[in-house]
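So the structure is just underneath, and the comments pick up after that.
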Amino acid sequence: MIVLVGYATEHGSTREIAQRIGSGLRAAGVDAHVRSLTDVGDVRGYGAFVVGSAVHDRSWLDTGREFVRRDLARTRSRPVWLFSVGMPDALRGPWRRLAATEASAIEADLAAPFPVRGHRLFSGVVGPEHLSRAGRLVFRLMGGRYGDHRDEGAIDAWAASIAEELGHR
Ligand SMILES: Cc1cc2nc3c(=O)[nH]c(=O)nc-3n(C[C@H](O)[C@H](O)[C@H](O)COP(=O)(O)O)c2cc1C
């Protein structure tokens, strides 16, 4: 069985998280293929899906939303895990708590027409060059810290738990 690890990214950190999940799955003996969602053709060749997107304005990128609603909806009985890449760990205090609750807003927006085995919100990379001038101002007012906020241990542990659910240890 081939597992698709698919991603939608704007600036690359979601792709690197997908690659890390793919490496973790393969290390546990899972045949995982990492692909940009823009390059995934027919989904029928995959037995399970781990699909993620960068978060913009508390939603997935359009490519990711369309993939969930159109392509994954066709594979109803196969296991699906979702991951979102936002910036809770770049923020402080109430903003951090608000961003950490984003997962449920994302799930409501995606409205996946099938059961999801799990959904994780990871922090990614935030650089000033990614934001508009207004965005940089808001980020500064929120006490945001630019940088790479990815937690490799949390990503590896999640990949290992998926491998285990798929019957690999
Ligand atoms: C225009 C813009 C809007 C964003 N909106 C959110 C948001 O609403 N919530 C959040 O947690 N992160 C938000 N982020 C942060 C990104 O999700 C984060 O930087 C992520 O690592 C980007 O992934 P990528 O490198 O794969 O594009 C935003 C970033 C940009 C550039």
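Readers should treat all values here as calculations from the given coordinates under stated rules, not as data from a laboratory. This one's a predicted model, so the numbers in the text were calculated from it and none came from an experiment. Here the Cβ is made from the backbone with ideal geometry for all residues, glycine too, and neighbour counts use every protein chain on show.
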task = Identify all residues within the stretch 71-109 that are acidic (Asp, Glu) and more than 19 Å from residue 1 (Cβ to Cβ); write none if there are none.
result = 89, 102, 107, 109
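Which residues, taken from the stretch 36-58, are more than 11 Å from the chain's Cα centre (by Cα) and surrounded by 16 or more Cβ atoms within 10 Å (Cβ to Cβ)?
37, 40, 43, 46, 48, 49 - these are the residues of the stretch 36-58 that are more than 11 Å from the chain's Cα centre (by Cα) and surrounded by 16 or more Cβ atoms within 10 Å (Cβ to Cβ).
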Residues that are more than 14 Å from the ligand (Cβ to nearest atom) and either under 20 Å from residue 3 (Cβ atoms) or over 16 Å from the mean Cα position of the chain (by Cα) (or both), drawn from the stretch 59-70 = 67, 68, 70
remark   = For the stretch 1-34, the count of residues that are closer than 14 Å to residue 82 by Cα, away from the ligand (no atom under 16 Å from the Cβ) and of a type in the set (Val, Ile, Thr) equals 1
query = Of these, 135, 124, 147, which one is within 21 Å of the chain's Cα centre (by Cα), within 13 Å of the ligand (Cβ to nearest atom) and over 26 Å from residue 80 (Cβ atoms)?
reply = 147
ask   = Restricting attention to the stretch 4-35, and to residues there that are part of a strand (DSSP E or B) and either of a type in the set (Asp, Glu) or under 15 Å from the mean Cα position of the chain (by Cα) (or both), which single residue is farthest from residue 124 (Cα to Cα)?
value = 31
query = What are the pairs, 6+ residues apart or on separate chains, where a residue within the stretch 91-109 that is without any contact (Cβ under 8 Å) to a residue 24 or more places away in the chain has its Cβ under 8 Å from a residue that is surrounded by fewer than 14 Cβ atoms within 10 Å (Cβ to Cβ) and outside any loop (DSSP other than H, G, I, E, B)?
reply = none
ask   = With (1) basic (Lys, Arg); (2) buried (at least 17 other Cβ atoms within 10 Å of the Cβ); (3) away from the ligand (no atom under 14 Å from the Cβ) as the list, and residue 96 as the residue in question, which single condition is left unmet?
value = (3)
